[in-house]
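Have a look at the structure below, then the notes.
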Number of protein chains: 2
Amino acid sequence: MATKTTDLSSEEKIKAAARNIFTKKGYAATRTRDIAREAGINLALLNYYFRSKEQLFELVMLENFGQFISGVRSLLHDKKSTLDEKIEALADFYISQLIGNPDLPLFIINQLHSNPAVLLSKGFTRDILLRSHFVKQLSQELRAQKKKNPNPLHFVMNLFSMIILPFIASPLIKQVGNLSEKQFKQVMEERRKLIPFWIKNMIHHP
Amino acid sequence: MATKTTDLSSEEKIKAAARNIFTKKGYAATRTRDIAREAGINLALLNYYFRSKEQLFELVMLENFGQFISGVRSLLHDKKSTLDEKIEALADFYISQLIGNPDLPLFIINQLHSNPAVLLSKGFTRDILLRSHFVKQLSQELRAQKKKNPNPLHFVMNLFSMIILPFIASPLIKQVGNLSEKQFKQVMEERRKLIPFWIKNMIHHP
DNA sequence: GTCTATATACGGATAGAC
DNA sequence: GTCTATCCGTATATAGAC
C-alpha cells in the first residue's frame, strides 16, 4: 500500500482511471488504451491485473453502484425518523453525492438499460423500497390525506426525479438556463432545501 | 416512392432500422451490420446511401431531436394560452410522445453528454426557454406569490424532471415497483393528469 | 441499385523479454 | 510487475461485378 495519494499502486491507478472513463463514456465507447494512458501504465498491465475490459468494467460498475445505494437502505428503513425527516435526509444525501459525482446517475441508468440483470440482481430487490419503513409511513400519510391517487410510487418518483434529472440533463440546463458550471452547482444547492419543501407540500396538502 | 408501408425504399428501410438500433444502443455499441440486417439489405448499400456510420447517425440524431422539440417551441411561445393551460399541454404532449417512444430521452441525453455542440447549436438556443411567453407568465406568477426562491428555472426543471425521469429509469422503476410493462404505462398515464396538478399547486400555493 | 469479395483500421488480448 | 512487440478478431468502408 502506498502512503501518498499521488503515488498509488498501479492496480489502484488503473481502477481510478477506469472509473473515470467508463463513467463518462460508457462501456462501448471506452478504449482500454485510453484507460492505460490515463493511468500512466501500459496496456498489457491492465490485462495482467484485470484479465479483460469486461471484468474491469464489472468491478467499477459494482463499486459505483454500491456508492449509489449506500446509505439509502438504512435511510429508508430507519424506524426512528419521521417521514419528513426521511425526505430531507434523502434529498440532502443524494444532492451531496451528485454534486461530487455528477456522471454517476447517467452511467447507472445506461447500465440498467443495456444489462439490467446484473444490477437488479445485486441491490435492487423489491424490499428495498416497497417494504421499507419509508413507504409505510408515506402510504399511511397519503391515506390520511384522502389523496385521489394514493400510490406511494408516484411520490417516490417525484422525489427522485427532481433530485436526479437536473444532473443528468445538466448540459442542456446550463445552456437553456444560461448558467456557468459554478452557477449550476449553486442552483443545485438551492434545491437541497427546496425539494423537501415541495415534496412535503405535495404529500401533506390538499 | 413506395406505396405500402411494408414496402419502403431501401433508403427508408435503412433509416428506420438505424433509428431503432442507434436509439436503443447508442452510437458506439451499434454495428452497421446489425442495421443492414434489420433493414434486410446489404452492408455495402448502407454506405452507398449514407457514406458512413457517422453520417447516418447524425441524420437519425437530428431527426430524433427534431421530434423531441417539435411542438415545444410553439407551446412555450403561445400568447393565447394561460400558464396553467401551458403546463397541462406540456405534460400531455410529452407523456404521449414518451409512451410511444420511451428510448428517445436517454438517447438525446447521452448525445448531449458525448457531443453537446451539435444539438445545442441546432435548436436549444437561449430564447427557446428564457425568453418564452411561458417563462414570462411563470415569473410573474412566482413574484405575485412572493416565493422565497422565484427562479422560474426550478419549476421548469421540476416539470420536465417528473415527466421524463420515470421513462429514463423505467427498468429500475418496474423492478422496485413490481410493475409489468402494461402496469408501468398505466402509471405513466396517471401522471399525465397528476403532474400538472402538482406543479400548479407548487406555483400557486404557499 | 444491389450484391460479393476484400482492403484497411482499430481495439482487445497475449507472448515473451527484462 | 512492467514493458515492447505482435497477434487476431471484428467492424467500417470500398472495389468491382451484375
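Derivation of every value follows stated rules applied to the coordinates shown; laboratory data play no part. None of these values were measured; they are calculated from a predicted model. So basically every Cβ, Gly included, is an ideal-geometry build from the backbone, and we count neighbours across all protein chains shown.
Below is a table of values for the structure above.
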read-out	value
Cα-centred dipole magnitude for region A:146-201, charges only on beta-carbon of K, R (+1) and D, E (-1), debye, nearest 20	320 debye
Cβ-Cβ FRET estimate between A:Ser9 and B:Lys80, R0 fixed at 56 Å, reported to 0.05	0.25
Cα gyration tensor shape of region A:1-160, rounded if a/c is under 1.5, else prolate or oblate by comparing a/b with b/c	prolate
Too-long pairs where the Cα-Cα distance tops 32 Å, listed order kept, from A:Lys122/B:Lys122; A:Lys147/B:Lys182; A:Lys86/B:Lys185; A:Lys148/A:Lys185	A:Lys122/B:Lys122; A:Lys148/A:Lys185
Charge-dipole axis of region B:59-123 as Lys and Arg at +1 and Asp and Glu at -1 on Cβ define it, positive-most pick from B:Ile109, B:Ser121, B:Ile69	B:Ser121
Likely footprinting exposure, A:Ser10, B:Ser132, fewest C-beta neighbours within 10 Å first	A:Ser10, B:Ser132
Label-point separation in nm, B:Gln183 to A:Ser180, each point 7 Å along Cα→Cβ	4.9 nm
Ellipticity estimate at 222 nm from DSSP helix runs (n ≥ 4, -39,500 (n - 2.57)) divided over chain B, nearest 500	-24000 deg cm²/dmol
Qualifying trypsin sites (Lys or Arg not before Pro) in region B:77-138, DSSP loop, other Cβ atoms within 10 Å at most 15	B:Lys79, B:Lys80, B:Arg131
Separation between Cα centres of region B:20-95 and region B:127-206, rounded to whole Å	23 Å
Inter-probe distance in nm under a simple model that places probes 7 Å from Cα toward Cβ, at B:Arg31 and A:Asn42	3.2 nm
Estimated vicinal HN-Hα couplings, Hz - region A:31-40 in sequence order (Karplus 6.51, -1.76, 1.60; Gly, Pro = x)	9, 4, 4, 5, 4, 4, 4, 5, 7, x
Candidates B:Pro116, B:Pro102, B:Pro166: whichever shows maximal mean-square fluctuation once chain B is modelled as a Gaussian network with Cα springs under 10 Å	B:Pro116
Calculated from backbone phi, Karplus (6.51, -1.76, 1.60) coupling profile of region A:91-97 in Hz, x at Gly/Pro	4, 4, 4, 5, 5, 4, 3
FRET E, pair B:Leu130, A:Arg131, Förster distance 41 Å, beta-carbon r, rounded to 0.05	0.40
For B:Ala169, residues with placed amide H under 5 Å, excluding near neighbours	none
Full-extension gain in nm, A:Ala117 to A:Ser139, via 0.36 nm per residue minus C-alpha separation	5.0 nm
Inter-label distance, nm, simple model (7 Å from Cα along the C-beta direction), B:Gln67/B:Ser52	2.5 nm
Karplus (6.51, -1.76, 1.60) ³J(HN,Hα), θ = phi - 60°, over region B:163-177, in Hz, Gly and Pro reported as x	6, 8, 4, x, 6, 5, 9, 4, x, 5, 5, 4, 5, 6, x
